[in-house]
Amino acid sequence: MSQLNNQTFPEGVQEYLEYILGVMMESPGNQEWLKRAGKKGGSTRYILTDTLFAEDKKGHKYEMAIFSMSLDLLNHKSSWLVLMNLN
């Protein structure tokens, strides 16, 4: 995520990756305060993973990664709902 956030990939690669991961930017609320952002998850029933990067319109950059495992079903659903609200 740091490499994406700091735009270290060749221009075409950077644009493609931001396009694929940029679902967060479809939200009008995010468009109001974010210049660019992207996220990628890979969760299963008992493992929760999510990563994101963002740059706000003031130039502040953010990166986050969450990795957890051995969640019971109730905790997994609760954690997943919190992550979905980051969009």
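Please treat every number below as a calculation from the coordinates, not as lab data. Every value quoted in this text rests on a predicted model; they were computed, and no experiment measured them. Backbone-built Cβ (ideal geometry, glycine too); neighbour counts: all protein chains shown.
In table form, for the structure just shown:
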| item | result |
| --- | --- |
| Partner aspartates and glutamates for LYS58 [C-alpha distance under 20 Å; skip if fewer than 8 residues away on the same chain] | GLU18, GLU26, GLU32 |
| Cβ-based exposure ranking for LEU52, LEU34, in which fewest neighbours within 10 Å come first | LEU34, LEU52 |
| Cα-based shape type of segment 8-57, given that a ≥ b ≥ c are square roots of the gyration tensor eigenvalues and the cut on a/c is 1.5 | oblate |
